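Every number in this text was worked out from the coordinates using simple rules, so none of it is lab data. Quick caveat, the model's predicted, so the values are computed rather than measured. Cβ sites come from the backbone with ideal geometry, for glycine too, and all protein chains shown count toward neighbours.
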């Protein structure tokens, strides 16, 4: 129960930061609580972490991809949002390209796991929208991530 509460708090914090910073331009609408007409979160908020300057999905990341595919297969109509991010090591243009490659790698893994390509929205932020604010050239593993959300769509 405590772990679920911590994950929910983390999701709300990142979602609020993303929306306030404008990185959710291409993302699905935020989850709604209650029984309104809007979409609701299906499953949970997921993250795939990466080593520095890498786009290789770890074994743990592959388990996350499988879990997301399972949720999508069993939640009815859904939209999946994939957002790539980087830490501040390296030049900003290179980090934008790296975050794009990471997001596309996770998107491709989701498709290979059975998530319909047409249900996935992919974007990337480079080093601009970080979970943990750092100075330039600071290696922060929590910023080398692809965030994944699965939102149920109204029927």
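Please count how many residues of region 126-155 are within 24 Å of residue 67 (Cα to Cα) and touching a helix residue (DSSP H, G or I) at 6+ places or on another chain (Cβ under 7 Å).
The qualifying residues number 5.
Assess whether residue 102 counts as being buried (at least 19 other Cβ atoms within 10 Å of the Cβ) and out of contact with any helix residue (DSSP H, G or I) (no Cβ under 9 Å at 6 or more places or on another chain). Criteria met by residue 102.
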